[in-house]
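Below is one structure, written out as structure tokens; comments come after it.
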Number of protein chains: 2
Amino acid sequence: QIAEQAAEMFDRGLLAGQHVVITAGPTREAIDPVRYISNHSSGKMGYSLAEAAIDAGAQVTLISGPVNLPAPARCQRVMVESAEQMLEASLNHVSQCDIFIASAAVADYRPAAIAEHKMKKGKEEIMELHLVKNPDIVATVAALENKPFTVGFAAETKDVIGYAQGKLVRKNLDLIIANDVSRSDIGFNSDDNAVSVISIDSIKELPLCSKRQLAAKLVEIIAQAQTGSAKPGS
Amino acid sequence: QIAEQAAEMFDRGLLAGQHVVITAGPTREAIDPVRYISNHSSGKMGYSLAEAAIDAGAQVTLISGPVNLPAPARCQRVMVESAEQMLEASLNHVSQCDIFIASAAVADYRPAAIAEHKMKKGKEEIMELHLVKNPDIVATVAALENKPFTVGFAAETKDVIGYAQGKLVRKNLDLIIANDVSRSDIGFNSDDNAVSVISIDSIKELPLCSKRQLAAKLVEIIAQAQTGSAKPGS
């Protein structure tokens, strides 16, 4: 019966009339004009979510770090490099949105200063790179007075559920999607993924499948959770 | 007349019977299972050089960092991630080679230790990343007793010629190809490039053209310089 209901909702366009902002990919934090710190995020999960949300009838803004993926059709894509640029783009677009999905793998830290010229290799056998904490984009959005339904991601290598539940509460998220990036069959550069979807009172396991299939399921879960969370009269 | 000579040499296969090892792309230096330090090298210059060397009749081994480029046809490609892996692959292949072209943008430093698990963002507003110097691949090859004809690259943002000449001498290279990566019209992610080819007694400027055209010219210059440098009786 739930399956029927879901199918009906898809038929009607599960996210018709909704504006969804999705962040995707890694960020790059410049060390100097040629070097940077980044991570292995391919952007595939976020791009699949954007496509699934578009298929479900949503108007989608995709805020993307540097990836090698084409922009999905019928989608506004905003390309950024650093976490600070991604935050700025998110705040620019989020005030008008209903759902914010933060799937980007944002660098936690960035170099404290960007060298103007390429740093020369000296005789030093060791070097210290001074890093400062980046803004927490999903937490910043979730702290807004009129926050959208906010979905975070947790890529962990141990105690995946525990860390994800901690993030959900600490950052005031509505849902968090957790995956174990220590597994080599899933995660950052894989076409497949397996995740747990965690809310304040539930954990739902989604077994291994393609990121495309997973994205369709996640959009369904997010749409249903968002409907359920809507305040009376709103 | 020189042009005619060059055309003739190309007709005969300028590098026929020669084994050329080329490194290309960036290296990635792991911070933890998900994060790394890298740089903006696209690998296009090195891959173009591999294609030009193959066209000139050489047997080519391309040792490549992570890039989004297909392997050239008729080429042995060895994929690596870190500078240490690139050094190991280079030493494995260089003993049988006539020409070594180090076009990869090798990270000068790597994290001193790779964290086994993803580092958790703590409450710390700042963090120090401890780096150690990577092996110098081109200098290691150029220091071998039976070194191949060794060509280095210098990507600089200021005093380009000066730094490149210093590298040529200090690292015992036969040629160094210098470019100014502070120019936005050329360099790492561009399809075009303009370089200076520097030997111990000459500087040759190659004006802006496609990396493909430039690679053909560079292969010609390298082949001629290598022939000129061949020891009598060798």
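Nothing in this text is a laboratory measurement; each read-out follows from the coordinates by a stated rule. Everything numeric in this text was worked out from a predicted model, so none of it was measured. All Cβ positions, even for glycine, are placed from backbone atoms using ideal geometry, and neighbour counts span all protein chains on display.
Starting from the Cα coordinates of the protein assembly as shown, work out the convex hull volume and express it per residue in Å³.
162 Å³
Measuring from a point 7 Å out along Cα→Cβ, what nm distances, shortest first, does B:Ala73 have to its partners in the other copies?
Its label point is 3.2 nm from the equivalent points in the other copies.
For each pair in A:Lys171/A:Lys204; A:Lys133/A:Lys211; A:Lys133/A:Lys158; B:Lys133/B:Lys204, compute the distance between the two Cα atoms and list the pairs where it is over 28 Å.
Table pairs above 28 Å Cα-Cα are A:Lys133/A:Lys211; B:Lys133/B:Lys204.
With each pseudo-label sitting 7 Å past Cα toward Cβ, what's the B:Ile200-A:Gln85 distance in nm, one decimal?
A separation of 4.5 nm, rounded to one decimal place.
Given q = 0.17, 0.23 Å⁻¹, what are the Debye log10 I(q)/I(0) values for the range A:62-105, with equal point scatterers placed on the Cα positions and solvent ignored?
Result of the Debye calculation: -0.47, -0.87.
Check each of the trypsin sites (Lys or Arg not before Pro) in the range A:14-46 and keep only those in coil by DSSP with at most 15 other C-beta atoms within 10 angstrom; list them in order.
Listed in order of number, the matching sites amount to none.
Based solely on C-alpha atoms, express the radius of gyration and the Dmax of the range B:140-221 in angstrom.
Reported Rg and Dmax, both Å: 12.8, 40.
Run through the range B:127-163 and list the GluC sites (Glu not before Pro) located in a DSSP loop whose Cβ has at most 16 other Cβ atoms within 10 Å.
Taking the range B:127-163 and a limit of 16 other Cβ atoms within 10 Å, the loop GluC sites (Glu not before Pro) found are B:Glu145.
Over the Cα atoms of the range B:26-119, Rg to Rh with Kirkwood Rh, two decimal places?
A ratio of 1.02.
Out of the range B:152-183, which trypsin sites (Lys or Arg not before Pro) are coil in DSSP terms and have no more than 16 other C-beta atoms within 10 Å?
Loop-located and lightly packed - B:Lys158, B:Arg183.
For chain A, set up a GNM with springs between Cα atoms under 10 Å and report which of A:Thr157, A:Thr27, A:Thr140 has the largest fluctuation.
Residue with maximal mean-square fluctuation among A:Thr157, A:Thr27, A:Thr140: A:Thr157.
Once both labels are modelled 7 Å past Cα along the beta-carbon direction, what's the A:Asp192-A:Ala112 spacing in nm?
Rounded to a tenth, the inter-label distance reads 4.5 nm.
How many nm separate the modelled label positions at B:Ala139 and B:Asn68, each set 7 Å beyond the Cα in the direction of the Cβ?
Simple spin-label model gives 3.4 nm for this pair.
Assign one of three labels to chain A, namely rounded, prolate or oblate, based on the Cα gyration tensor with a ≥ b ≥ c the square roots of its eigenvalues; rounded applies when a/c is under 1.5, prolate when it is not and a/b is larger than b/c, and oblate otherwise.
It is prolate, given that a/c is not under 1.5 and a/b is the larger ratio.
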